[in-house]
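I have placed the structure first, in the form of structure tokens, so that the comments after it can refer back to it.
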């Protein structure tokens, strides 16, 4: 079952330690986990796709994430 963007975002909001771990980075979220992360948005998205994920992309700020 594919997760919706809302489900992925809810997972991130409910796990502040995970979000803080990637503060200042772009993160690709799929299957309830971070599947790729880094400083360059396009590279993070490309890595997630190479791994076969249709991921939700967010920018982790340490306290609040911003869904892109």
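Please treat every number below as a calculation from the coordinates, not as lab data. On a predicted model such as this, the values are computed, not experimentally measured, just so you know. A quick note on method: Cβ atoms are made from the backbone with ideal geometry, for glycine too, and the neighbour counts reach across all protein chains shown.
Each peptide in 26-36, 45-55 was scored by the mean count of other Cβ atoms within 10 Å over its residues; highest first, the order is 26-36, 45-55. Extension gain for the segment residue 42 to residue 23, taken as residue separation times 0.36 nm less the Cα-Cα distance, is 5.1 nm to one decimal.
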